[in-house]
Amino acid sequence: MSGLVLKDITKSFGNFTAVDTANLSVPHGKFVCLLGPSGCGKTTLLRMIAGLEDPSSGQILLDDTDITPVPTHKRNLGMVFQSLALFPHLSVGDNIAYPLRIRGASRDEQKKRSDELLKLIHLQGFSDRPVAKLSGGQRQRVAIARALALSPKLFLLDEPLSALDAKLREAMQVELRQLQQRLGITTFVVTHDQREAMTMADLVVVMGNGKILQAAPPIEIYRKPADAFVADFIGMTNLLDATVDKAGRVSVLGQAIPNLTMPEGLTKASVSIRPEDVHLGPVGGDAISGTVTFVRDLGGTIETFVETGGKTIVAVATPRERPEVVAGQQVGVVLPEEACVVLKS
Amino acid sequence: MKREAPKSLADYSPLFFPGLMLIVFFVVPFSTMIAVSFFQRDPSGFYTPDFVFDNYARFLSLFFAKVLGFSLMLAVTVAICCVVIAFPFTYLLTKRPRKVQTIWLVCLLSVLSLSEVIIGFAWSTLFTRTAGITNLFVAIGLMKEPVALTPSFWAVLTGMVYQALPYTILVLYPALVRLDPTLLEAARTLGASPVRAFMNVVVPALRNTIVATLIMVFVFALGSYLLPQILGRPSHWTLSVLITDQAIYQSNMPFAAAMAVFLVLMSLALVGLTLLVGRRENAL
């Protein structure tokens, strides 16, 4: 198929397996976020795609060609490093034109392309500045422009926004996504920020302990996480123990929830339900009764912590939806069946 | 935080001790030497205080100009050889595991414990016809018969590079360890082969370190007076050798002092020139 395919990629450092039989196929033009906690192998996977690390076993295919033995400098890719790795001895323009210089482009060609890219990243007129004189966000853009100078087939970014402050980071996420859509370039971003992944990605690849746990569009990852780890990592969730009785009915916190089925052959599992799906209402009926222990009013949303059966359930709602609830109050918790996801625990 | 300029005498107190040392062990002897360089030599004794330019005038001859030229050329060659060998070596060393690095550095430090005399005689033995390395070349079939490699210019150069190399590596090591390895990786992702990336990125990023190291080895090599005598012919003797000769064997202190002052001025001028060129290139 056309695009990038990872086939059984494994990478070991001594006894430690950084990436364990990773399989993934990404069509051209997709924006992929490799997401996971630190040490999960996401950066190692990206570095293998770049050719900066050699896989212990497995193959990397680009448009059906095995590129595993191809050295980095012949892979036609652009990469943005966490440290940005701008060359301190070169000006902004020369940094961006470096890949063209390597390939023997004329001075005029270099200038033309670097001006074009500076325009793309809204930094016209910065060509002659030393990189040391730029702000964090501007350096970020220069690193992106340099990586894109040769219109590469693959665009790789290793935690590109982690050095920026929160506001700038959010703005750059949107900008990066728009840029990628305009250029239609296959992009891989390593991040540990799930919000960043949700903002930018067509495909989110969640990793943990060197394994790819789930690869799916962001909303599917959010709504239908593959397991408890993914559910817990992506956004806030309530993970509750579920039991099944002889009749096959699944109950959570002692309350049977219809239409839920257990995974094949299991008697115990977890149920994940997102805080915004938890409804709070009056005590009685099908509702599970509990006590409000804490209310966090963030202005835009209100998080209500309800203790029931030794577990704390978090419910989120807008101030308009949520009736006045105060700590210590008895409430009824309703878990809508369509919002519950049964997961192997 | 803005640092305040020192105001009272007490603020300067940390400088007293090093200042004193510098005066006692550098300013005073060097001033004495400058003074002596203007004295009149007394052939029957030592020298008599005077103010004459005879010593400098004598120095201004083709013979001494050639020696001075050779000394500077030798020191520059040693400096360039050392940096050219040590820079890639140190770079590769920093990529090895920590344990390997430590072993190498300890070995290099142990080379520093050898005196110049021992280094000189070890190399002169290695370069002889009867017991030297050419016998090894003969044994493995590279040469027909053993030859003497000393005395020669190349023997002097080898000995001096050997002596200065550990210093060069130890000066380059901290800067290379601190170099961001992603700079090189970035160059590779942009299409530069590893060697090209090294030349394009690592070398320019460490330009100031390289210039400083060149100057250090240059000054170090300029003062060497034993190795040229042990490993070279009289035509390979440096100004330092002649200064020693005049001062110790000919008892001509004023002339030796004049040569020494001249050598110091020449090397200062050369170092200054290097820094000036460096600054101009930086400004571009």
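The values are calculated or read from the model by the stated rules, or taken from the named source; none is laboratory data. Since this is a predicted model, take the numbers as computed values, not measurements. Note that we place each Cβ from the backbone using ideal geometry, even for glycine, and neighbour counts take in every protein chain shown.
The number of residues in the range A:288-345 that are in a strand (DSSP E or B) and touching a residue at least 40 places away in the same chain (Cβ under 8 Å) comes to 19. You will find that of A:Ala215, A:Ala242, A:Ala231, the residue that is closer than 19 Å to A:Thr44 by Cβ and buried (at least 17 other Cβ atoms within 10 Å of the Cβ) is A:Ala215 and no other. If the condition is being charged (D, E, K, R) and either within 23 Å of the chain's Cα centre (by Cα) or in a loop (DSSP other than H, G, I, E, B) (or both), then the range B:26-80 contributes B:Asp42, B:Asp50, B:Lys66. Scan the range A:69-111 for residues that are assigned to a loop (DSSP other than H, G, I, E, B) and either within 7 Å of chain B (Cβ to nearest Cβ) or basic (Lys, Arg) (or both) and the total you get is 8. For A:Gly39, state whether it is small (Gly, Ala, Ser), within 24 Å of the chain's Cα centre (by Cα) and either within 14 Å of chain B (Cβ to nearest Cβ) or within 19 Å of A:Lys211 (Cα to Cα) (or both). So A:Gly39 passes the test. Taking every residue in the range B:249-269 that is part of a helix (DSSP H, G or I) and pairing it with any residue that is of a type in the set (D, E, K, R), at least 6 positions away or on another chain, the pairs with Cβ-Cβ distances below 7 Å are B:Pro254/B:Arg41; B:Phe255/B:Arg41; B:Phe255/B:Arg58. Among the residues of the range B:213-231, none qualifies, meaning not one is facing chain A (nearest Cβ under 8 Å) and part of a helix (DSSP H, G or I).
Could you please let me know if B:Ala192 is surrounded by 20 or more Cβ atoms within 10 Å (Cβ to Cβ) and outside any helix (DSSP H, G or I)? Taking the combined requirement at face value, the residue satisfies it. Considering the range A:142-158, and only residues there that are modelled with pLDDT under 90 and away from every other protein chain (no Cβ under 12 Å), the residue that is surrounded by the fewest Cβ atoms within 10 Å (Cβ to Cβ) turns out to be A:Ser151. Of the helices (runs of 4 or more DSSP H) entirely within the range A:149-256, those holding at least 3 residues that are under 30 Å from A:Glu307 (Cβ atoms) occupy A:194-200, A:218-223, A:228-233.
Of the residues making up the range B:149-172, not a single one is without any contact (Cβ under 8 Å) to a residue 12 or more places away in the chain and of a type in the set (A, V, I, L, M).
Can you tell me how many residues in the range A:3-26 are surrounded by fewer than 21 Cβ atoms within 10 Å (Cβ to Cβ) and either outside the structural domain of A:Phe188 (by TED's automatic domain parsing) or in contact with a strand residue (DSSP E or B) (Cβ under 8 Å, 6 or more places away or on another chain) (or both)? It would help to see each step written out before you state the result.
So the first thing to find is which residues in the range A:3-26 are surrounded by fewer than 21 Cβ atoms within 10 Å (Cβ to Cβ), and the list is A:3, A:5, A:7-8, A:10, A:12-17, A:20-21, A:23-25.
Those left that are additionally either outside the structural domain of A:Phe188 (by TED's automatic domain parsing) or in contact with a strand residue (DSSP E or B) (Cβ under 8 Å, 6 or more places away or on another chain) (or both): A:3, A:5, A:7-8, A:10, A:12, A:17, A:20-21, A:23-25.
Matching residues across the range A:3-26 total 12.
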